[in-house]
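To keep things clear, I will list the structure first and then write my remarks on it.
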């Protein structure tokens with residue numbers, strides 16, 4: 001497993017499935033599960049330790065409202081942590097601020113509200129620093145995106 005995806009509730013699955021889809025596309029092994037920074041803190045700690053022992057290189061943590069899951073993970077690892085603030089209340093602004101406003105020395109990379117796909121894309125980019133095969137897949141993916149835009153432009157007669 002290279003990426004551990006944690007979410008605070010199973011109700012977050014429709015958003016977080018987008019992260020799983022991106023990791024699957026790139027062939028990056030991952031595990032996805034539910035763990036709450038507030039209701040199951042011991043489980044969070046155990047999952048982090050197990051993931052690191054299994055070779056996990058990046059953590060993705062998603063939560064809404066108080067959104068402390070990513071921070072709780074970042075406090076316990078030196079691996080990169082990507083936070084996905086979820087739109088559970090206040091259009092996700094509370095979760096966005098809680099995820100982004102970490103104290104010095106405990107960084108959490110933060111994507112847009114409900115930005116699970118970009119969280120996974122960033123995880124792939126982080127892993128690709130040390131994986132030439134993954135880096136090649138990223139180059140091909142960027143070309144596919146560019147080609148899709150050019151095809152749409154041509155269809156509009158631009």
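The values are calculated or read from the model by the stated rules, or taken from the named source; none is laboratory data. Note that the coordinates shown come from a computational prediction; the quantities given were computed from them, not determined experimentally. Heads up, the Cβs are rebuilt from the backbone with ideal geometry, glycines too, and the neighbour counts pull from every protein chain shown.
Checking each residue in the stretch 3-27 for being surrounded by 22 or more Cβ atoms within 10 Å (Cβ to Cβ) and either at pLDDT below 95 or in a loop (DSSP other than H, G, I, E, B) (or both) picks out only 8. A single entry from 61, 95, 70, 66 fulfils the requirement of being over 24 Å from residue 140 (Cα atoms), in contact with a strand residue (DSSP E or B) (Cβ under 6 Å, 6 or more places away or on another chain) and outside any helix (DSSP H, G or I): 61. Entry remark, the stretch 74-95: residues being surrounded by 23 or more Cβ atoms within 10 Å (Cβ to Cβ) and more than 19 Å from residue 22 (Cβ to Cβ) number 2 in total.
When the residues of the stretch 29-58 are narrowed to those that are outside any helix (DSSP H, G or I) and touching a helix residue (DSSP H, G or I) at 6+ places or on another chain (Cβ under 6 Å), which ends up modelled with the lowest pLDDT? Going through the qualifying residues, I end up with 37. Set side by side, the residues 108, 44, 73 differ, and just one is closer than 24 Å to residue 13 by Cβ and touching a residue at least 60 places away in the same chain (Cβ under 8 Å), which is 73.
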